[in-house]
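What follows is a single structure, written as structure tokens, with notes after it.
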Amino acid sequence: MKRLFRLKNKKAFTLVELVVVIAIIGILAAILIPTLIGVAQDARLTSANKTATDIRTSLNSWLLNVDRDGHRINKTNNGGTDPSVKIVADKGVYKSDFSDGFWLDKENEEEMEKWLSDYLIENLGYREMFAVGYIDKGSVAAVCYCINEQESTENLPTFADFSRNDFWEGSNGIASDGTLVGTSPQLLNG
């Protein structure tokens, strides 16, 4: 008899209490999950912008060395997308492509590509990326950076876009095709 009495007095959750707790957890999850996803995307964008800044700093340092050694780059105001340098890194191998308006004398372009590749591996380490650096008045005025080397340049901001504040269609740093793009200086909508 005592045993039956103990079982009856044992405290337990009722079905209603369990349903209420599950509903509360569901509501909290519905509120928190989109917020956490946004925080993760913001962190990725911050990292991409920092990498774009690192690339810009490395390119400017390299350009100072090039200038010091007597190689001549185009130092005129470009007013568009030239001169520029595209950089693709795949498993630590950096390949650069200078635009037609980059060098005033193109005689040592292959040597310059090798020098830039060595310089970037030394300063940036092993990465996979696609980046475009826009040169203006002898220095790197802006850099666009994509995390992987498969990205296409058609969705990246041009040099002229850095003077606008309405480039991104939706969220800052997300191209129209959904690609995450780091920029330096950071390109923001209004």
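Residues 16, 181 in ascending order of nearby Cβ atoms (within 10 Å, fewest first): 16, 181.
Using a Förster distance of 25 Å, how high is the FRET efficiency between residue 158 and residue 57, based on the Cβ-Cβ distance and rounded to 0.05? Write out the running numbers ahead of the final one.
Working: r = 21 Å, r/R0 = 0.85.
Efficiency, from the Cβ-Cβ distance: 0.75.
Phi angles across region 129-145 convert, under the Karplus curve 6.51 cos²θ - 1.76 cosθ + 1.60 with θ = phi - 60°, into 3J(HN,Hα) values of 6, 10, 9, 10, x, 9, 9, 9, 6, x, 9, 7, 7, 7, 9, 10, 9 Hz, Gly and Pro given as x.
Panel note: the C-alpha atoms of region 49-184, placed on their principal axes, show extents of 44, 34, 21 Å (largest first). Sites listed here are trypsin sites (Lys or Arg not before Pro) in region 89-190 whose DSSP assignment is loop and whose Cβ has at most 14 other Cβ atoms within 10 Å: 91, 106, 137, 164.
Let me have the relative contact order for region 49-184, percent, based on Cα pairs under 8 Å that are six or more residues apart. Don't jump to the answer; show the numbers that get you there.
On the way: 243 pairs, mean separation 40.8, N = 136.
After rounding, I find 30 percent.
Ordering 134, 126, 119, 94 by the number of other Cβ atoms within 10 Å of each residue's own Cβ, fewest first, gives 126, 119, 94, 134. Computed from the C-beta positions of residue 68 and residue 35 and an R0 of 35 Å, the FRET efficiency is 0.10 to the nearest 0.05. Backbone amide hydrogens, once placed in the peptide plane, bring residue 103 within less than 5 Å of 74, excluding anything fewer than 5 places away on its chain.
Can you put 51, 158, 183, 35 in order, fewest other beta carbons within 10 Å first?
Values: 51 20, 158 16, 183 25, 35 9.
Least crowded to most crowded, the residues run 35, 158, 51, 183.
Extension gain, residue 166 to residue 50: 0.36 nm times the residue separation minus the Cα-Cα distance gives 39.6 nm.
Rule-based calculations on the coordinates, nothing more; no lab input. Note that the structure is predicted; figures quoted are calculated from it, not measured. Note that each Cβ is placed from the backbone with ideal geometry, even for glycine, and that neighbours are counted across all protein chains shown.
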